[in-house]
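So the structure is just underneath, and the comments pick up after that.
The values are calculated or read from the model by the stated rules, or taken from the named source; none is laboratory data. What you see is a predicted model; the values in this text were computed from it and never measured. Cβ placement follows ideal geometry from the backbone for every residue including glycine, while neighbour counts extend to all protein chains displayed.
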Amino acid sequence: MIPAEFKYMFPSTVDEAVRMLAEEGEDAKVIAGGQSLVPVLRMRLAAPTALIDIGGLTELTGVRDDGDSLLIGAMTTHYEVQRDHLVQDHALLLRLVTDTIADPQIRHRGTFGGSLCHADPAGDLLAPVLALDAVMIIAGPSGRREVPAAEFFVDYFTTALAPDEILLDVRVPKYTGWGAHYEKLNRVAQAWSIVAVAAAVQVRDGAISAARVGLTNVGSGPLRATEVEAALVGQQASAEAISEAALRASSGDGYKDNLARVLTGRALTAAVAG
Amino acid sequence: MTATAEPEIGKARLRKEDARLITGQTTWTDNLQLHGMLHMAVLRSPVAHARITGIDVSRATSMPGVAVVLTGEDFAAEQGSLPCAWPITEDMKSPPAPAMAVAQVNFAGEAVALVIADSAYHAADALEAIDIDYDELPVVLDMEEALRDNDLVHPDLGTNKCATWIFDSAEAGVGTNVEDEIASAEVVIERTFKQQRLIPAFMEPRSVVVDTTAGMFTVWSATQIPHILRWMLSAVTGISEHKLRVIAPDVGGGFGGKLQVTPEELLCLLVARRMGRPVKWTESRTESMLSAHHGRDQVQKITLSARRDGTVTGLKVELLADMGAYLRLVTPGVPILGAFMFNSIYKFAAYRFVCTNVFTNKVPTDAYRGAGRPEATFAIERMMDELAVELGVEPMKIREMNWIRHEEFPFDTVAGLTYDSGNYEAATARAMELFGYEEMREEQARRRSSGDVVQLGIGISTYTEMCGLAPSRVLGALRYAAGGWETASIRMLPTGKVEVITGTSPHGQGHETVWSQIVADKLGVPFDDVEVLHGDTATSHKGMDSYGSRSLAVGGTALVYAADKVLAKARTLAAHMMECDEVDVEFASGSFSVRGTSTVRSLGDVVLAAHVAHDLPEGMEPGMDADATFDPDNFSFPHGTHLCATEVDTETGMVRISRYVAVDDVGTVMNPLIVDGQVHGGLAQGIAQALYEEATHDEMGTLTSATLADYLVPCAADLPAFLTDRTTTPATSNPLGAKGVGEAGTIASTPAVVNSVLDALRHLGVRDIEMPMSPERVWTALQGRPDPGSGDVTAGGLGSIDAQGGQS
Ligand SMILES: Cc1cc2nc3c(=O)[nH]c(=O)nc-3n(C[C@H](O)[C@H](O)[C@H](O)COP(=O)(O)OP(=O)(O)OC[C@H]3O[C@@H](n4cnc5c(N)ncnc54)[C@H](O)[C@@H]3O)c2cc1C
């Protein structure tokens, strides 16, 4: 790989990282796992003047129990998310999604936070994070702030992060005991989603008491299928109820619209069963 | 004692070269570091067709580390034209092919300037500072449109038509007239198929290093063809051939993609000559995809005539073949290699093949695994299915009715070849058994009647192909510029170790292992005592290199003959040493003995005696080395039966291969592990054409599949577990009985997959789907809508990043 020249910086605290980012100005970039940024550098689609490597900020790594929710550090790798017991028990959907990302090498490097900050509409973690009502905890020169996922994802490759801000943690409410499934259509193992659907469902006494559905790669950012969710709540967890609700995932007649409906049906069916 | 050693030939030996290749602890060209070496970076045209109206290199020239910036004008007087060794017809149109564009660019990716700098980084930085003004010309992309000659790729030629090449069985006196057969036929089927453009996608990007030290030009290149390259570089540059040494060190794949004399090889050489310093160029993946030659890209119009009882009578093939913008080494000949294979294993009375080669503003096409034969096999195997559907006959039955029966070999075909051996019945029977053909058909019927969302398809490909390129006289008759022989040398070292020199040029196939096995058996020496040298024109002074599944059938045979010469001489000397008559000398497991006595001399003793030369028979030269060159008198013809089951999700259009059986007859097998490896890799590439890979362009001629995220090369996880087996009818055209296996899997598998998917969906009204059969294409066909073409949203990509135009 032959990128344009850049300055490499390795802060050891969050404050130092934030200060460096402010000092280096708009053309500096944070580098986490590098799995999205490095391809961009290699193709010279971007030429940041400085890379601030947050790989040394150990406090950003790992998953913590925070009462009603989990705190997932931005630097937690996909591999760590896949193997984390708290995630398994309280946010199963995130584990299932992460299982489908890229390949083992990339999952050992790529990070949970990096995926969200990169905000590629084809990225798999955006829709589930949106559907699960997660909150982003962000550090900047003027301190910390919290931004709900629904406000965080703005457009293609665009988030609510200012150039001098760093994502620290993601707060994910606990969905203990919910069924979950991620239904993803991609062509070869390392390819991105054409369309994917993330579903988490709470079933009580055979009826759906709550549902969360997120759509990957059907718009310029993740979409939450609120009409599908609304159509499900209070219904029996039956095949008919699911296929009726899934029709509301999209109203168009293009290929992706079709996929949104078909995959929503399949994701919900599996989530209810699991 | 080696007396009890089991035969090496046929043994599933692990490959002796693998450890170094896999760990990269080897001589990959890019690993080479020479003192004072400069680095070359190539600026490539972003537009497909334009006049260059101005170039400003002043900013780039003053960038850090830059030694010089060079443009087409700087090379105009010395670069000549890149060679095309295969002028297929007398009147073929052949435009000059400069290594670097001078006044006009004809494809996006063509070299327009070079930066030479002290590091690869400085060279790449300075590329961005070169300003070029282009005056854009109309872009010619579609072959049918190109043939209307409204816009011309090369105005000086006056046409986009490069050449038309015809074979006609009636004219050749090997069959009847195809038009008569069609006119009188009970059934005529006409179909048009598209062979999409493919990118060879070898794993090791191309790399070249040139050194001019000590009055020699030494060229290291990641090439398949060091010998041809030396000859051609000398011809183009005027550098005397004996002052040029070409080295193909370890090379990481080629698939035909490195069967080329590239612009960059020539430019590196010219720059090193100009600067008097070593120069290196190593490409990026995207650069490789933009500028290394592509493969396939044909439109095939096929007409097949038959009787109602299913007997085929005539086959007419009308091809358009996309050359791209220039004719590279064998560009025009690739479709012609298919000319002899459309009739395949079937007994047509009449055959006519007409190929029109067309220029477009795209990167040139050239050899890619199978070169001409996959296209032919695809067309005929698709047509046999179409005939079966038309007549309501089981598709295997229709093939069986028409194929050459085993007792009919040797068989003279309607394309003028003689197939020496084969047994299609045996391979088919074994494949059907392994596949569970009848049960699969039952399962298919069940899914059809229950209206299962996931339908099952069964696809057949009964193929043959021609390998062992090639009898030199045949190449001559086809107007190819070189011969097809191969050479080998054996050096018997005084300690009894053996050096083998081969004129073939392995780039991942495992020649070192198999050549060692052959020599170990022939000479009775341990496998590990054999070292195979290749790819360096200073040690291996002649050869025709590796492609066309030729290395074993032709180069392996040369090796056998060289070993025979060693043994013949050793026998004479052994008789002299044992003071007996030569006819009484026996040779087994590396030792000579006198029949009926206990007198023994090991080959090592005899070699040492030859080396010290203290007591040789009258007139015998010292030493025990031998050379042999073999020119085959026929091709070899592997064949086999492949069966593919696909599960097609009718709601999403996704295709999954659920079972794949390949029973191949590749003649006598030297190393079954290597044969399986070649079959597996070949299958992956053939399946990839059916389902995944396609070089796509936008309407401006920009390649939109220029990364491995966009160009979908499948990996192990995307492919089924292959069930492979073999039947064996030895080739009669070489003493090893080997037919060749490098391309068989690729040639056979594409139609098996496509036939399978169509078989799954035909009852739902689907008649054809273009390759690659992406989920969107399959789903769209199921809706009865037109093919999505370049709007295919499932065509891959680096997430949403558009590699050409930034983040979309
Ligand atoms: C071949 C391949 C296939 C892939 N397939 C998939 C797939 O199927 N699904 C999928 O979802 N992803 C896929 N990915 C992407 C992968 O998941 C990456 O890990 C992810 O996109 C980015 O994470 P990262 O840690 O590597 O971030 P980086 O590449 O280091 O950074 C990405 C961007 O986010 C910014 N950033 C990173 N961390 C922070 C932070 N804490 N605060 C502020 N800004 C930050 C960076 O400045 C940069 O702009 C694939 C990647 C590759 C190379």
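Looking at the stretch B:103-115, is at least one residue within 14 Å of chain A (Cβ to nearest Cβ) and closer than 24 Å to B:Arg273 by Cβ?
Yes, the stretch B:103-115 has at least one match.
Might you let me know whether the stretch A:78-95 holds any residue that is within 9 Å of the ligand (Cβ to nearest atom) and either surrounded by fewer than 24 Cβ atoms within 10 Å (Cβ to Cβ) or of a type in the set (S, T, N, Q) (or both)? Quick ask: steps written out before the conclusion?
Residues of the stretch A:78-95 that are within 9 Å of the ligand (Cβ to nearest atom), as a first pass: A:78.
Okay, now just the ones that are also either surrounded by fewer than 24 Cβ atoms within 10 Å (Cβ to Cβ) or of a type in the set (S, T, N, Q) (or both), so none.
No, every residue in the stretch A:78-95 fails to be within 9 Å of the ligand (Cβ to nearest atom) and either surrounded by fewer than 24 Cβ atoms within 10 Å (Cβ to Cβ) or of a type in the set (S, T, N, Q) (or both).
Just checking, which of A:Met1, A:Met43, A:Met9, A:Met75 is over 18 Å from A:Asp169 (Cβ atoms), of a type in the set (A, V, I, L, M, F, W, C) and away from chain B (no Cβ under 14 Å)?
On the way: A:Met1 fails: away from chain B (no Cβ under 14 Å); A:Met43 fails: away from chain B (no Cβ under 14 Å); A:Met75 fails: over 18 Å from A:Asp169 (Cβ atoms).
Unique residue meeting the criteria: A:Met9.
Under 8 Å by Cβ, and 6 or more places apart or on different chains, what pairs join a residue from the stretch B:572-585 that is surrounded by 14 or more Cβ atoms within 10 Å (Cβ to Cβ) with one that is among the small types (Gly, Ala, Ser) and part of a loop (DSSP other than H, G, I, E, B)?
B:Asp584/B:Gly596
Being surrounded by 24 or more Cβ atoms within 10 Å (Cβ to Cβ), on the phi > 0 side of the Ramachandran plot and more than 22 Å from the chain's Cα centre (by Cα): is that true of B:Gly372 here?
Numbers: surrounded by 24 or more Cβ atoms within 10 Å (Cβ to Cβ): yes; on the phi > 0 side of the Ramachandran plot: yes; more than 22 Å from the chain's Cα centre (by Cα): no.
Here the answer is no, as B:Gly372 does not meet what is asked.
Do we have B:Thr331 as hydroxyl-bearing (Ser, Thr, Tyr), touching a Cys at 6+ places or on another chain (Cβ under 7 Å) and over 26 Å from B:His406 (Cα atoms) here? Explain how you work it out, then say what you get.
Values: hydroxyl-bearing (Ser, Thr, Tyr): yes; touching a Cys at 6+ places or on another chain (Cβ under 7 Å): yes; over 26 Å from B:His406 (Cα atoms): yes.
For B:Thr331, the condition - hydroxyl-bearing (Ser, Thr, Tyr), touching a Cys at 6+ places or on another chain (Cβ under 7 Å) and over 26 Å from B:His406 (Cα atoms) - is met.
Residues B:Ala731, B:Ala752: which one is outside the structural domain of B:Phe342 (by TED's automatic domain parsing), crowded, with 20+ Cβ neighbours inside 10 Å and part of a helix (DSSP H, G or I)? Spell out the reasoning first.
On the way: B:Ala731 fails: part of a helix (DSSP H, G or I).
The conditions single out B:Ala752.
Filter the stretch A:21-52 down to the residues that are buried (at least 18 other Cβ atoms within 10 Å of the Cβ) and in a helix (DSSP H, G or I), then identify the one that is nearest to the ligand (Cβ to nearest atom).
A:Leu37
Within the stretch B:628-645, identify whether any single residue is assigned to a loop (DSSP other than H, G, I, E, B), among the hydroxyl-bearing types (Ser, Thr, Tyr) and either over 23 Å from the mean Cα position of the chain (by Cα) or under 21 Å from B:Val514 (Cβ atoms) (or both), and answer yes or no. If you could, list the steps in order and put the result at the bottom.
Of all residues in the stretch B:628-645, those assigned to a loop (DSSP other than H, G, I, E, B) come to B:631-635, B:637-638.
Applying the additional criterion that residues be among the hydroxyl-bearing types (Ser, Thr, Tyr) yields none.
The answer is no; no qualifying residue exists.
Scan the stretch B:195-235 for residues that are out of contact with any Ser or Thr (no Cβ under 7 Å at 6 or more places or on another chain), part of a helix (DSSP H, G or I) and among the small types (Gly, Ala, Ser) and jot them down.
Within the stretch B:195-235, B:Ala214, B:Gly215, B:Ala235 meet the criteria.
Of B:Tyr660, B:Tyr711, which residue is part of a loop (DSSP other than H, G, I, E, B) and buried (at least 17 other Cβ atoms within 10 Å of the Cβ)?
Details: B:Tyr660 fails: part of a loop (DSSP other than H, G, I, E, B).
Step by step, each of B:Tyr660, B:Tyr711 is checked, and only B:Tyr711 is part of a loop (DSSP other than H, G, I, E, B) and buried (at least 17 other Cβ atoms within 10 Å of the Cβ).
Got a sec? Which of B:Val560, B:Val607 is closer than 26 Å to B:Thr502 by Cβ, touching a Gly at 6+ places or on another chain (Cβ under 9 Å) and either at pLDDT below 95 or away from chain A (no Cβ under 14 Å) (or both)?
Working: B:Val560 fails: touching a Gly at 6+ places or on another chain (Cβ under 9 Å).
B:Val607 is the lone residue from the list that is closer than 26 Å to B:Thr502 by Cβ, touching a Gly at 6+ places or on another chain (Cβ under 9 Å) and either at pLDDT below 95 or away from chain A (no Cβ under 14 Å) (or both).
Return the residue satisfying two criteria in turn: it lies in the stretch B:202-235 and is surrounded by fewer than 21 Cβ atoms within 10 Å (Cβ to Cβ) and among the aliphatic types (A, V, I, L, M), and of such residues it is farthest from B:Glu283 (Cα to Cα).
My answer is B:Ala214.
Taking the criterion of being within 14 Å of chain A (Cβ to nearest Cβ), part of a strand (DSSP E or B) and out of contact with any Asp or Glu (no Cβ under 7 Å at 6 or more places or on another chain), would at least one residue in the stretch B:131-145 satisfy it? Break it down stepwise before answering.
Let us first name the residues in the stretch B:131-145 that are within 14 Å of chain A (Cβ to nearest Cβ), namely none.
No, every residue in the stretch B:131-145 fails to be within 14 Å of chain A (Cβ to nearest Cβ), part of a strand (DSSP E or B) and out of contact with any Asp or Glu (no Cβ under 7 Å at 6 or more places or on another chain).
Return a yes/no flag: does the stretch B:236-243 have any residue that is of a type in the set (A, V, I, L, M, F, W, C), touching a Lys or Arg at 6+ places or on another chain (Cβ under 6 Å), more than 14 Å from chain A (Cβ to nearest Cβ) and in a loop (DSSP other than H, G, I, E, B). Step through it out loud before you land on a result.
Of all residues in the stretch B:236-243, those of a type in the set (A, V, I, L, M, F, W, C) come to B:236, B:239.
Of the ones still in play, those that are also touching a Lys or Arg at 6+ places or on another chain (Cβ under 6 Å) are none.
So far as the stretch B:236-243 goes, no, none of its residues is of a type in the set (A, V, I, L, M, F, W, C), touching a Lys or Arg at 6+ places or on another chain (Cβ under 6 Å), more than 14 Å from chain A (Cβ to nearest Cβ) and in a loop (DSSP other than H, G, I, E, B).
Could you check the stretch B:709-723 and list, in sequence order, the residues that are modelled with pLDDT under 95 and either closer than 21 Å to B:Pro364 by Cβ or touching a His at 6+ places or on another chain (Cβ under 7 Å) (or both)?
Passing the criteria: only B:Asp710.
Having 2 or more residues that are surrounded by 23 or more Cβ atoms within 10 Å (Cβ to Cβ) and within 14 Å of chain A (Cβ to nearest Cβ) is the bar; report the strands (runs of 3 or more DSSP E) wholly within the stretch B:260-334 that clear it. Show your work before the answer.
Values: elements: B:279-282, B:295-306, B:312-324.
Counting at least 2 such residues, we get B:279-282.
Need the failing condition index for B:Val741 against (1) within 18 Å of B:Ala376 (Cα to Cα); (2) touching a Cys at 6+ places or on another chain (Cβ under 7 Å), just the number.
Only one criterion in (1) within 18 Å of B:Ala376 (Cα to Cα); (2) touching a Cys at 6+ places or on another chain (Cβ under 7 Å) is unmet by B:Val741, namely (2).
Any residue at all in the stretch A:53-60 that's assigned to a loop (DSSP other than H, G, I, E, B) and either more than 11 Å from the ligand (Cβ to nearest atom) or closer than 20 Å to A:Ala200 by Cβ (or both)? Break it down into steps so the answer makes sense when it comes.
Restricting attention to the stretch A:53-60, the residues satisfying the condition of being assigned to a loop (DSSP other than H, G, I, E, B) are A:57.
Keeping just the survivors that are either more than 11 Å from the ligand (Cβ to nearest atom) or closer than 20 Å to A:Ala200 by Cβ (or both) gives none.
No, the conditions are met nowhere in the stretch A:53-60.
Do you know which residues across the stretch A:109-134 are free of Cβ contacts under 8 Å to residues at least 60 places away in the same chain and more than 10 Å from the ligand (Cβ to nearest atom)? Spell out the reasoning first.
Looking only at the stretch A:109-134, we keep the residues that are free of Cβ contacts under 8 Å to residues at least 60 places away in the same chain, and these are A:112, A:116, A:125, A:134.
The answer is A:Ala134, and nothing else.
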